[in-house]
Every structure is written in structure tokens, then in C-alpha cells.
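In what follows, a structure is listed as C-alpha cells, so that the remarks can point back to it.
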Amino acid sequence: MCSAANDESTLNYARHISYWRRNLKTFLPSIYQGNDSNRMTFGFFILTALDVLGDLHSALPPEERQGHIEWVYTCQLPEGCFRASPGTDFGSHRNADNAKWDPGHMPATFFALLLLVLLKDDLGRVKRREILIWLNKMQRPDGSFGEKLFEGSVEGGNDTRFGYMAAGIRWLLRGTVEGPVDGVPDIDVDKFVKCVRISETYDGGISEEPFQEAHAGFACCAISALQLLDRLPLQPTSALAQDDKIRGIPNLPLLLKWLVSRQTLTLEEEDNTDTLGDEIDSSATCHDSHSFIKLGSYPSVGGRQSFDTQPTSHFELSWVGLNGRCNKIADTCYAYWACAPLHILGRLDLVDKKPVRRWLLDKTQHIVGGFGKMPGDPPDVYHSCLGLMVLAIFGETGLKDVDAGLCMSNSAKSHLESLPWRREILGLGPVQSDVAQVFDHLAVSGG
Amino acid sequence: MAPGIFYHDDPAWSDVEPIPQEDGEHPLAAIAYTDEYSEAMSYLRAVMAQNEYSERGLELTEHIINMNPAHYTVWLYRSKTLEEIGADLHAEIKWLNPTALKHLKNYQIWHHRQIIVNKLDSSEGEADFIATMLEQDNKNYHVWSYRQWLVKRFGLFSKPEELQWVEGMIEEDVRNNSAWNHRWFIVMGGRDGKELPEAILKRELDYAKYAIRKAPQNQSPWNYLRGIVRYAKLPLSVLKAFTLEFADLARPDEVFSSHALDTLADIYAEENSQKEEAKKALDLLATKYDPIRANYWNYRKKLLDQPEAVS
């Protein structure tokens, strides 16, 4: 799709692979210490990035792969769910009285399951039934989900991030089947969808909770969750437009507008100052690259005169970044948070991919591999993974095809979908043993 | 604890057997922990495993939080300890202030603050601290969320001071979308979808228009203005005369705001006979005034030709 032949900007595969292999094989530097409680998530970023680069298989000899599978399982709790790192593990000292300090964690459980899928485990040792029981306890009466349970109460924000992960866990363990599975009741999908609907903001975005500011991260989590729950809004033209399910997003056209509005020319702090002396917008400055300027007051004579000689709005479209909120600066991760929901909604065509791709490759791609948050920033696993994922969503040659909502290759996803226990829940027959491998092969060579 | 002093040398901790971390042979995302962090975490596991609630435990959580504020049970443990030992909650707020200033992007700090302020049952001093935080970053999401919680918890919706405060924030930076959003919350939050009184409707429309005149190419007040019109179920055409101040198809070289052009396109689209005018406005956006979103404006043009694409 993005032809490298017509474009100078290139993805430096070798550097990205070496960056990710370093993250896989050696210790993350101590600057990551503040993310000790996100280790399961970061482990996922590392493995999914290598997988999308087509390098996971060669990077991991079988005994290391098996070793990582064992590590993930050591983070599984007797209650089924997972802890985020061995940091909360009391080992032989764990008992009923102190287990509350080592609770199951929503992000850790979601990413542990995805990690097992990436590592080609059959999830045979996952306490699936226990996790589904736990998932029910993690839903609040208002329909939202939390991060963890503490002394019977659901703790953590009640925004769509945890709802997305809960929807993801449900999808991983029982697909889109509604109603009880294996004697365990379903989560209250309708109530959760209502919760998503009321977090729509007056400008069409989605916020942390009703009346908070629209934010691309929450919008992405909401749309991904609705997809995993099979509750995306139906297109008005669809024959199914009148089904009886409660579906997400009251105002889809406004959400699309809000999402495309995340494209910005404000790529660096300095971009804010290009009209600083002008005091007011004019035909010449009618673009968004000065969106943080604090205006004095009304136009001065000098301000007016400064426009007279300027041609009207010609500006470079070489690079277009994405921000997460109105009037904020571009940031690599928001390319994912804004483009993934557009892709899931089938409307990624509303974004011109070329200048976004150029921004990622020319501005935030780092010489050592990976991506930084902003131009010149060192790479970190979070921005590096999401930047790469955007290029994969755009169809970058040489990267695997991905499922945007799961942030994972379709070949990895097909491994999950081939597992007999899951096919049985979904009422599907056994899969031919070679199908998954063929799919894997196609995904790598097809790009 | 003083720098360089380790728990294993400290007589106050001599009775505690630390629990080391077991990472196995093939960990994922293993971090090169500093010795200081590794040791402190081993002692934290030990006191948590004993359900020890003590002053020294409190100091230990402080130490951990400064190195890893995102630890998801250390905050719960701290809050339980405060409760169990009957600690002075005012002192806790005093400690939280510099901690929040040090870790600007952390969520847990604000949740913890909510728990403490809720127990104190008073919002005294909170506005000042929020102001200090917003001086560091006037769009800090956690701080604005916390401000909303304060308004709800202490019923500040109808207090004129709250509206005056947020108006001051917008005066300082008319492009601060967080401040605009807070204004919406103050005006609409306590209303439960009920109709907006005429006087308030007029005040809000006037205020958004005043801000747009200051900086027409600023999406925040345009979104606000159109949000108010939608909430009040008014036709968009009530904004026509105002919008023409900034974008008039008769003067296509003198457009002062892409958001005005976009609004104009919607106004024309609402009037069925004016679809060609709407297309002209969308064309100007796609080719001249907002080409980074050309694909979107062209899509909007196509929608105009579709019979009643219900939105």
C-alpha cells in the first residue's frame, strides 16, 4: 500500500529488529523501574513487535519460548487471573490473609493471555473458568470495569481502558458468544455498552467518564471493546441497521470528525510559535500549527500589517502528526490511538496515510530502532510498539497483517482461533492442522 | 530513609526477613532494578505478607512510591495503613503535594488524594494546590478529572466562583481545551439533560463567540459553540451570520477559520437547496484551508449526494 519506491522514507527493519531483540534478551534499563508494575504489558509490546516484524520465530529458540511461557504461568494466581509482575509475589508466604496485596490485575490478565497466544501456547493451563468468574466480579453496578479487586470492592478508574481489556479477555476465552459458558454467566454487555455511550463528549470524542475531556486513548479503547463485543454501531445503510442490540456511539459522524481532527501540523513545541507575533488568525495562518499560542487580545496594527505581505495558507504537508486531544501536540502513540479506531470502523480512508507515515519514519523513528514520543526523543517500548503497529495497520511492506484492536498479527490471532477448546465453545468443528501454518506463511510473505 | 542507608543495616528493620523477588530463568521485560529499589521491594513484600500496619511501613511505601508511583497495591497498602494507625490526614495531604508535583503523569496519586480528601470532608486548600499543578501543565488530564470530582463531591456546580475560575483559565489560554471542557461540565454537569434556561443559553453562546473572535482558528470554542446549539436543539442556521464573519463563500481568499468554513458547510447542508454551496465550502477546506484533512472533506462532499444519510 505505501510504496517505498515512490518515497524516500523507509522503515529500518534491521535496526527495529535489533532494538526489539535487545529488549527481549537483555534487561530493560533502570529508567523503566517506574514501570515495574507494567511488566506483563511491556512483555507483550516486545513480543508483538517482533512478531509483526516477522522475527519472533527466529528470535526465540524453542527452549526460550517455553521458558517465557512458564514465566507467564508463574504470574497466574490461584483465582485464575494474573499479577502484573513477580514483584507482588510473596512465594511460599502467600496466604488467604495477605493475598489482597497480590491481586489479579485486569491489564496483566489481558496481556498475559495475549502473550501466551504469541508464544503459541494452547492456553491449556489457563484457569479459564476462574478468570470468567473473576471477570464478573470486576464489573461494577454501573457497567464499568476496574483494575483489581480489594476487600470486595472494584478498584481503579472506571474508564474504557479496563472495559476494553475485560472485553478482550472475554473474547479471548469465549469469543462473541452471549449468555453463560461452562456454567459461568456472561458479563453484562448491555450495561457496559451503555457506559461507553454516556462517555461521549459534546465534541464527539470519548472521555474517561461522563463530562471529562475527550481523549483518543479512551476513544480507541471504547471502539476496540465494542468490536470485541460485536456491538459496533451499524452503518446507516446496513440491512441490519435495525437489530435489537444496544450498540455503541450515539453520534458516529461526529466521532469520525473528532478522530480525523487529531491530525495536526503541530509536531514540535517550536511549531507553536510561528504566528506568535501575529496575535490573531488570518487567511495566511489558517491552519492548526500554531494551536497553543496564547493570544494577547485583539489584532494590533502590527499584527494586521504582518499578514499583508504573506501569501495565503501555503504550508508543507510532508509530515502530519496526530495528537490525543484538541489543541495538543503530536505524539507517536496517538497515531495508534486515533488510527486504530478509524480502521476498526472501516474509515481509515479518511486519513491521508502518506504524510502520517512520513512523520513516523522521518521524525519519530530513532536511529537505533524503535520510535520516540516526539522528534529527537529516545525510543521506548510503548511508543516503539504503537508506532510500528500504525505502519502495520497502514499495510507497510514487510510487516505482518495485524488486528488493530488486539494490537497483534492476524497470524497470531489465527493460532488462538484454531485452539480446539475455543472452537468448541464457539460451536465450530475441528480445524485442519495445517491451516494455521499456511495462514502464518501467507501473512509473512503477503505484507 | 537517608540516601545510601539500606534496610538491612537499619536496626529498626532488623526483625524483618525480606522476601526476594523470584523471576525465574526466562522472565519477560525484566528490568535492571537498582539495589535500592530491589531491597525496598523485598521489605515491602515482607511487611505486606504480615499485614503489618505501622509508621515504618508508611515510610517504606513513601520510599517505593518515589521510585515507582504506578505500583498498584502500594497505594492501597498506604491508605489502609493510614486508617489502621489513625494517621493525621492533613499531614498526608502535605506529603502528597510535592509527590504529585514530582510525578505529574501519575494517576494513582489522584485517586489516593480523593480517598483522603473524602475522609477529611473538606475541600479547603485544594483549589490552591490545583492551581499550582496547572502552572506546570495547564492541560493535565488527572488534575482536571480531580477538579471535576471536587465539584461533584462538594456540590460546587452552582457556585459562581467555579465558573469565574475556569473563565480565568480560558482567559489565560483560549486554546486550553481542558478548560473549555470544564466549563461545559460546570454548565451542563448538574443539569441531567434538562433544558438550558434562556439566559444561560445566551450567556454561553456569547461567551464562545467572544472567544472565537479572539482566535478564530481555534477548534475548542467552535466545538463548544456547536455543542451548545446541539444541546439546545436549535438549527445550526442560528450561527449563520456569526460564521459568515470568518468565512464567506463570496470572499474565498479571506477565510479566517477552517472551523467556520466547516460550520458553514453544515449550515448549507441543513438547508436542502444549498447543497452546492456546502460543496464549495468543503472544496475550499480540502484544497486550501485544511488540506491535511482533504480525504475527510471529500468524504463529506460525497455524503451530500447520498439521499438522507441519517446521522
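The values are calculated or read from the model by the stated rules, or taken from the named source; none is laboratory data. These figures come from a predicted structure and were not determined experimentally. All Cβ positions, glycine included, derive from the backbone under ideal geometry; neighbour counts span all protein chains shown. Protein only, heavy atoms only, side chains kept; ligands, DNA and RNA dropped before computing areas. Shrake-Rupley method; radii C 1.70, N 1.55, O 1.52, S 1.80 Å.
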For B:Ser38, work out the one condition from (1) hydroxyl-bearing (Ser, Thr, Tyr); (2) within 30 Å of A:Gln66 (Cα to Cα); (3) touching a helix residue (DSSP H, G or I) at 6+ places or on another chain (Cβ under 8 Å) it doesn't fulfil.
(3)
Name every residue in region A:127-147 that is farther than 19 Å from A:Arg422 by Cβ, out of contact with any Leu (no Cβ under 9 Å at 6 or more places or on another chain) and of a type outside the set (Lys, Arg), in order of residue number.
A:Asn136, A:Gln139, A:Pro141, A:Asp142, A:Gly143, A:Ser144, A:Gly146, A:Glu147
Pull up region B:188-200, narrow it to residues that are at pLDDT below 95 and among the acidic types (Asp, Glu), then point me to the one that is least open to solvent (accessible area, probe 1.4 Å).
B:Asp192
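To keep it simple, each residue is scored yes or no on (1) free of Cβ contacts under 8 Å to residues at least 12 places away in the same chain; (2) crowded, with 20+ Cβ neighbours inside 10 Å.
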residue	(1), (2)
A:Gly43	no, yes
A:Ala59	no, no
A:Pro62	yes, no
A:Ala84	no, yes
A:Arg94	yes, no
Are any of the residues in region B:238-258 open to solvent by less than 30 Å² (accessible area, probe 1.4 Å), out of contact with any Leu (no Cβ under 8 Å at 6 or more places or on another chain) and not aromatic (Phe, Trp, Tyr)?
yes
Apart from one, (1) buried (at least 18 other Cβ atoms within 10 Å of the Cβ); (2) more than 23 Å from A:Lys328 (Cα to Cα) all hold for B:Arg203; the odd one out is (1)
What residue, among those in region B:186-210 that are assigned to a helix (DSSP H, G or I) and within 21 Å of the chain's Cα centre (by Cα), is farthest from B:Leu156 (Cα to Cα)?
B:Ala208
Part of a helix (DSSP H, G or I) and either open to solvent by 20 Å² or more (accessible area, probe 1.4 Å) or at pLDDT below 95 (or both): is that true of A:Ile31 in this structure?
yes
Can you tell me how many residues in region B:206-225 are open to solvent by less than 10 Å² (accessible area, probe 1.4 Å) and of a type in the set (Ser, Thr, Tyr)?
2
Top-ranked residue in region B:8-19 [being of a type outside the set (Phe, Trp, Tyr) and in contact (Cβ under 8 Å) with a residue 24 or more places away in the chain; ranked as nearest to the other protein chains (Cβ to nearest Cβ)]:
B:Ile19
Entirely in region B:211-299, the helices (runs of 4 or more DSSP H) that have 3 or more residues that are within 12 Å of another protein chain (Cβ to nearest Cβ):
B:219-231, B:258-270
Residues of region A:187-214 satisfying the condition of being away from chain B (no Cβ under 12 Å), in a loop (DSSP other than H, G, I, E, B) and either in contact with a helix residue (DSSP H, G or I) (Cβ under 6 Å, 6 or more places away or on another chain) or open to solvent by 10 Å² or more (accessible area, probe 1.4 Å) (or both)
A:Ile187, A:Asp188
Kindly evaluate A:Pro375 against the criterion of being free of Cβ contacts under 8 Å to residues at least 40 places away in the same chain and surrounded by fewer than 22 Cβ atoms within 10 Å (Cβ to Cβ).
no
Scan region A:340-353 and give yes if some residue there is aliphatic (A, V, I, L, M), within 20 Å of A:Phe42 (Cβ to Cβ) and either open to solvent by less than 10 Å² (accessible area, probe 1.4 Å) or at pLDDT below 95 (or both), otherwise no.
yes
Mind checking whether some residue in region A:402-409 is under 30 Å from B:Pro291 (Cβ atoms), open to solvent by less than 20 Å² (accessible area, probe 1.4 Å) and touching a strand residue (DSSP E or B) at 6+ places or on another chain (Cβ under 8 Å)?
yes
Which members of region A:64-79 meet the condition of being farther than 12 Å from A:Ala112 by Cα, within 11 Å of chain B (Cβ to nearest Cβ) and open to solvent by 20 Å² or more (accessible area, probe 1.4 Å)?
A:Glu64, A:Arg65, A:Gln66
Do you know which residues across region A:82-106 are among the hydroxyl-bearing types (Ser, Thr, Tyr) and outside any helix (DSSP H, G or I)?
A:Ser85
Quick check, is A:His105 surrounded by fewer than 18 Cβ atoms within 10 Å (Cβ to Cβ) and either within 25 Å of the chain's Cα centre (by Cα) or at pLDDT 95 or above (or both)?
no
Find the residue count for region A:125-151, including only residues that are open to solvent by 50 Å² or more (accessible area, probe 1.4 Å) and touching a residue at least 40 places away in the same chain (Cβ under 8 Å).
8
Single match in B:His111, B:His90, B:His63, B:His26 (criterion: facing another protein chain (nearest Cβ under 8 Å), in a helix (DSSP H, G or I) and either among the aliphatic types (A, V, I, L, M) or at negative phi (or both))
B:His111
Could you check region B:102-130 and list, in sequence order, the residues that are within 14 Å of the chain's Cα centre (by Cα) and not aromatic (Phe, Trp, Tyr)?
B:Leu104, B:Lys105, B:Asn106, B:His111, B:Ile130
Just need a number here: residues in region B:133-174 that are more than 25 Å from A:Gly156 (Cβ to Cβ) and open to solvent by 50 Å² or more (accessible area, probe 1.4 Å).
11
One residue from B:Ile109, B:Ile116 being aliphatic (A, V, I, L, M), over 30 Å from A:Phe27 (Cβ atoms) and open to solvent by less than 10 Å² (accessible area, probe 1.4 Å)
B:Ile116
Within region A:166-175, can one find any residue that is modelled with pLDDT under 95 and more than 14 Å from chain B (Cβ to nearest Cβ)?
no
